[in-house]
Structure formats: structure tokens, C-alpha cells
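The values are calculated or read from the model by the stated rules, or taken from the named source; none is laboratory data. None of these values were measured; they are calculated from a predicted model. These area figures cover heavy atoms from the full protein model, side chains too; ligands, DNA and RNA do not enter into them. Shrake-Rupley method; radii C 1.70, N 1.55, O 1.52, S 1.80 Å.
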Amino acid sequence: MIKNYRDLTRKEMEAVDKESTIVMIPLGAIEQHGSQAPLGTDAMIAEAMPGYVKRELEAMDPDFPMLVFPAIPIGLSIEHLSFTGSISFKPDTYYHMLYDIAESIHNHGFKKLVFLICHGGNRPMADILSRQLRHDFGMFVFVLASGAFLDPEVQATISPDNHWDFHGGEMETSMIMAIHPETVKLELSETGYKDGGYKGKKILNFSGDAAISWMGSDLRTKDGKPIGIGGDPRGATAEKGEIIFKRSAEKLAAALIEVRDWDINA
């Protein structure tokens, strides 16, 4: 059964089958998401996504063996620190914090750990850690992205007149409207465009084969004001957010079934 890690007593934890049970750690962030969405967008998604995943998994396997660790609300958000309210660990602080949590989990006998990435900026550290933890402890550490943003069904939620959807845009705003609509101020929305050194470049991008690390200030309004988001979030709706959560949960559930079936002795 899927349970919250923190809800178990010590005696209950002692009885958990450590070899088969997955510990999933959602990794969020506190950082700017434009004028319309809350600083806690990624942290809220990290708190909500496991519930959607649980519903999908329990329909497939009522006895799915997983413990959900409390979502970690702070991550690597260096690219957003020029905007008021954004919080970030330094890379070495974040590395050691996650390493220590994983080491404690390993010391209790768990073999499978999942980092659920709910802020893209956390992915590089999770990738590094997954290899180091496997080397140091023989743990099998899986890294799963929480948002199926490239899925055709999810892409179809983007408004036809929205030229681009990136950080803090229509899709993420829709997700927050689905779970915490009271925190969204859609009437304050502004559209963000690639600017700065990226403007006019055909090869260099935010990521991929030829990239330079981006900063939130590279995303600006038409008049050049740093806004820190990509695209126009005004088309966001709670209904679109539910589609994104559900489709993302479906894909995560399919991946977690394979994590469940991963042979640690192979």
C-alpha cells in the first residue's frame, strides 16, 4: 500500500519490506513564477502530485509498495534569485542535504529511491546524486520528471495564440489553479519572451546540444522588463490543470510500475 513516510510509527516502519518498498521524495522549489502565480508553485505541485500518482497506481496495483517522503520545498533556484521572494540552496548545500536523507534511508535497509522532480532546476543534482548513491551504497535511485509537459494531450492545453510556454507560463499556472486557485492572480498576467543574449539566436538555447545556462531575467516583456516567465499565462484554467496532473500521473505510474519490477539482484 502507498503510505506517507511520516505517518508510520517506528514499529510500523520496522515491519516494512525494505527490499521491495520504494521511497519517493518529491523535490519542489520556492521561486518566482511571474506576476500571476505564487512563489510556491513548484512546492505545491510537489505536495499534490503524489496524490494523483497514488490514485493511478492503486487502480493498477492496490498493494503497490511505496512510501511518500515529505516534499522538500526548497531546491536549486539560482536562476531566479534576482526576483524578490525566490529562495535557493547553494549546489553543495543541496547535494549534501539530499545525500544525508538518502544515506539515512539506506541505513534503514531501503534499496529503491525515487526523486520526483517538480522543478526542472533540481534535475542536474538528482542525476548526479543517483549515480553517487548507487556507487556508495548500492541503492537504486530513479529520477522521474513530474510534469508530462511534452505529451500531446498536455501540449493541447496551451492556448492557440500563446506563442510559447515555459517556466511560470500557462501550463504551470493551470496546475496551481487546479489545486490552489486562491493563490493565482490571473488578472496580473504578463507575457514573457526570450530576450538578452538569446534574442535572434538559432543554435544557442536554454538547453540541448548548444546551450548557456539561463537566468530568469532573460525572460522579459515586450518592453524589456524582466518578468521571469515564458509565454502568456492568461489562458490558464483549473480544467487544463487537471488534465496536466492526470496525464502526468498516468505516465509517472507507468514508470513506477517498472521501478517496482526492477530486479535489484540482476
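Can you send over the carbon and sulfur percentage of the accessible area for the stretch 147-221, probe radius 1.4 Å, protein chains only?
Working: 2330 of 4160 Å².
Carbon plus sulfur share of accessible area: 56 percent.
If the limit is 26 Å between Cα atoms, which of LYS11/LYS90; LYS90/LYS246; LYS112/LYS251; LYS185/LYS240; LYS54/LYS90; LYS201/LYS225 go over it?
Numbers: LYS11/LYS90 36 Å; LYS90/LYS246 33 Å; LYS112/LYS251 19 Å; LYS185/LYS240 16 Å; LYS54/LYS90 32 Å; LYS201/LYS225 20 Å.
With Cα atoms farther than 26 Å apart: LYS11/LYS90; LYS90/LYS246; LYS54/LYS90.
Consider just the alpha-carbon atoms of the stretch 24-127 and return their Rg together with their Dmax, both in angstrom.
Considering the stretch 24-127 through its Cα atoms, Rg and Dmax are 14.8, 46 Å.
Return the percentage of antiparallel bridges among DSSP beta bridges fully within the chain, rounded to the nearest 5 %.
Working: 6 of 26 bridges.
Within the chain, antiparallel bridges account for around 25 percent of the total.
When only alpha-carbon atoms are used, what values of Rg and Dmax, in angstrom, describe the stretch 92-141?
Both quantities, over Cα of the stretch 92-141: 10.3, 29 Å.
With θ taken as phi - 60° and the coefficients 6.51, -1.76 and 1.60, list the Karplus ³J(HN,Hα) couplings across the stretch 235-248 in order, rounded to whole Hz; mark glycine and proline as x.
The phi angles translate into x, 5, 9, 4, 4, 5, x, 5, 4, 5, 4, 5, 5, 4 Hz.
Would you compute, from DSSP H runs of 4+ residues alone, the mean residue ellipticity of the chain at 222 nm, taking -39500 (n - 2.57) per run and dividing by the full residue count, rounded to the nearest 500?
On the way: 7 runs with 94 residues, N = 266.
Rounded to the nearest 500, it is -11500 deg cm²/dmol.
Pick from LEU39, LEU67, LEU204 the residue whose mean-square fluctuation is largest in a GNM of the chain, springs joining Cα atoms under 10 Å.
Comparing LEU39, LEU67, LEU204 in a Gaussian network model of the chain, the most mobile one is LEU204.
Starting from the exponent 0.38 and prefactor 2.2 Å, build the expected Rg for the stretch 92-243 from its residue count and divide its actual Cα Rg by it.
Values: Rg = 18.5 Å, N = 152, 2.2 N^0.38 = 14.8 Å.
For the stretch 92-243, the normalised Cα radius of gyration is 1.25.
Which residues' amide hydrogens lie under 5 Å from the amide hydrogen of SER77, considering only partners 5 or more residues apart or on another chain, with H built in the peptide plane?
Amide H neighbours of SER77, under 5 Å, 5+ apart: PHE89.
At 1.4 Å probe radius, can you tell me the per residue accessible area of the stretch 189-237 in Å²? Could the numbers behind the result be given before it?
Values: 2830 Å² over 49 residues.
With the other protein chains kept in place, the stretch 189-237 gives 58 Å² per residue.
Under a 5 Å amide H to amide H cut-off, with H placed in plane at 1.01 Å, what residues pair with PHE142 once short-range neighbours are removed?
LEU113, VAL114, PHE115
For the stretch 137-219, what is one quarter of the convex hull surface built on the Cα atoms, given in nm²?
On the way: hull surface 35.7 nm².
It is 8.9 nm².
Residues with amide H under 5 Å of ILE227's amide H, sequence separation 5 or more or different chain, H placed in the peptide plane at 1.01 Å from N; which?
So ILE227 has HN proximity to LEU219, ARG220, THR221.
In the Gaussian network model of the chain, springs joining C-alpha atoms below 10 Å, which of PRO70, PRO26, PRO62 carries the largest mean-square fluctuation?
Highest fluctuation of the listed residues: PRO62.
Got the relative contact order for the stretch 171-232 handy, in percent, Cα pairs under 8 Å and 6 or more residues apart?
Details: 77 pairs, mean separation 20.6, N = 62.
So the answer I get is 33 percent.
Given springs between every Cα pair under 10 Å in a Gaussian network model of the chain, which of GLY40, GLY216, GLY197 has the largest fluctuation?
Of the options given, GLY197 has the highest mean-square fluctuation.
For the stretch 98-186, report the accessible area per residue in Å² (1.4 Å probe, heavy atoms, rounded to an integer). Show your work: numbers first, answer last.
Details: 3850 Å² over 89 residues.
Here the per-residue accessible area is 43 Å².
Separation of the stretch 157-224 and the stretch 232-251 by C-alpha centroid, Å?
16 Å
I'd like to know how the chain sits against the 2.2 N^0.38 Å rule of thumb: what's its Cα Rg over that expected value? Intermediate results must be reported in sequence, preceding the final value.
Numbers: Rg = 19.0 Å, N = 266, 2.2 N^0.38 = 18.4 Å.
Working it through for the chain, the quotient is 1.04.
Average projected area of the Cα convex hull of the stretch 1-81, in nm²? Mind dumping the intermediate values first?
Values: hull surface 26.8 nm².
Value for the stretch 1-81: 6.7 nm².
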